[in-house]
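Heads up: the structure comes next, in structure tokens.
The values are calculated or read from the model by the stated rules, or taken from the named source; none is laboratory data. Since we're looking at a predicted model, the values are computed, not measured. Here the Cβ positions follow ideal geometry from the backbone for every residue, glycine too, while neighbour counts run over all protein chains shown.
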């Protein structure tokens, strides 16, 4: 047939073309494999952290780690960071200073992480930040508010959480509602003692008179005697600077003793769903400070809550969001710097303005967060309802309690 005639080389042109195509295909395939191999061999950007997976901060540490790990999964799913995968390297600090220091040293010396994310609590963050400073490694702190963190002239720590004084917004609301007297109880931690001191300084300007002022060991759970004395002073407001387990125990003791303040509030515990699960109807009317709630109608809140539930089988608390946001803040700084060089990323962390899931990120020259504020919630009808600030409030504050 005419179209099967041979060329001068004696080759069938159709067969020759097929060989060329096959050669091109094999060449492209080899190139693709090389590119794939290069991508797979790209060194990961390592983010190191210790979190309290055991001990008295474990409810918070587990949440923060899950949030941070979810951020890393999201980054890798949408194309990695500067063409490199992100890896979270973590250790359990057991809610103790020694565990934090040992973990952070291991992260830097052995694992050679690129950046650090802080643990839960001010006391552990104070220790972690000293390690970060010694090794000149930028660190984004998570739930840590003590002013001492920012007053030591460190250049490698940058805050995602609000400072201590922002936890006093609940006191301001109580005073505005008509409270005149306050009973102040607090866990003797770095955060607890600093916020108690700040509260005392501001009581007069709020028009509140302290009629009870007492600290307790962080691990204390029996508040029977304290509840009896709280009943004797009959304060309008009982304000507890506490965590989850101690705030639950305090509420139970107060209820059992028949103490009926006009307002009962705590700093941390009421923001967690476990608070309501453990207390049931006794949680009704309790006020708490919280950094984030799904119902806040802030950008990304509903989407994050849905995906977190799909991933972990539970709704996220504010500390999951803080962990996720710490990752977002680091990611933004690295992308803006275009490198993982510590000096360049540190400068971005110091100067950039960024909106993370937790809200605006902006720090002053000390690394102290100045860009966002906490919310106030109240347990109403077995739900956490935002009652302040006014622009996002879901319902009005119930005061006095029935």
Being more than 24 Å from residue 59 (Cα to Cα) and in contact with a strand residue (DSSP E or B) (Cβ under 9 Å, 6 or more places away or on another chain) is the filter here, so list the residues in the range 252-270 that pass it. 259, 261, 262, 263
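Residues checked against (1) in contact with a strand residue (DSSP E or B) (Cβ under 9 Å, 6 or more places away or on another chain); (2) not assigned by TED's automatic domain parsing to the domain that holds residue 317:
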residue	(1), (2)
132	yes, no
136	no, no
139	yes, no
146	no, no
153	no, no
174	yes, yes
Mind telling me which of the residues 28, 11 ends up being assigned to a loop (DSSP other than H, G, I, E, B) and at pLDDT below 50? 11
Subset of the range 374-392 that is part of a loop (DSSP other than H, G, I, E, B) and touching a strand residue (DSSP E or B) at 6+ places or on another chain (Cβ under 8 Å) - its residue that is surrounded by the fewest Cβ atoms within 10 Å (Cβ to Cβ): 389
In the range 124-163, anything more than 13 Å from the chain's Cα centre (by Cα), under 15 Å from residue 194 (Cα atoms) and crowded, with 24+ Cβ neighbours inside 10 Å is listed as 124, 149
Could you check the range 341-373 and list, in sequence order, the residues that are in a helix (DSSP H, G or I) and in contact with a strand residue (DSSP E or B) (Cβ under 6 Å, 6 or more places away or on another chain)? 349
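Only residues that are more than 22 Å from residue 396 (Cα to Cα) and touching a residue at least 24 places away in the same chain (Cβ under 8 Å): list them for the range 252-278, please.
252, 253, 254, 255, 256, 257, 258, 259, 274, 278, listed by residue number.
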Could we say that residue 296 is touching a residue at least 40 places away in the same chain (Cβ under 8 Å) and surrounded by fewer than 16 Cβ atoms within 10 Å (Cβ to Cβ) here? no
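If you check 319, 243, 312, which single one turns out to be buried (at least 22 other Cβ atoms within 10 Å of the Cβ), in the same structural domain as residue 357 (by TED's automatic domain parsing) and either in contact (Cβ under 8 Å) with a residue 12 or more places away in the chain or under 22 Å from residue 361 (Cα atoms) (or both)? Please lay out each step first, then the result.
Values: 243 fails: in the same structural domain as residue 357 (by TED's automatic domain parsing); 312 fails: buried (at least 22 other Cβ atoms within 10 Å of the Cβ).
Of 319, 243, 312, the one residue that is buried (at least 22 other Cβ atoms within 10 Å of the Cβ), in the same structural domain as residue 357 (by TED's automatic domain parsing) and either in contact (Cβ under 8 Å) with a residue 12 or more places away in the chain or under 22 Å from residue 361 (Cα atoms) (or both) is 319.
Does residue 236 meet the test of being over 28 Å from residue 143 (Cα atoms) and either surrounded by fewer than 17 Cβ atoms within 10 Å (Cβ to Cβ) or touching a residue at least 12 places away in the same chain (Cβ under 8 Å) (or both)? Give the derivation first.
Details: over 28 Å from residue 143 (Cα atoms): yes; either surrounded by fewer than 17 Cβ atoms within 10 Å (Cβ to Cβ) or touching a residue at least 12 places away in the same chain (Cβ under 8 Å) (or both): yes.
Yes, satisfied.
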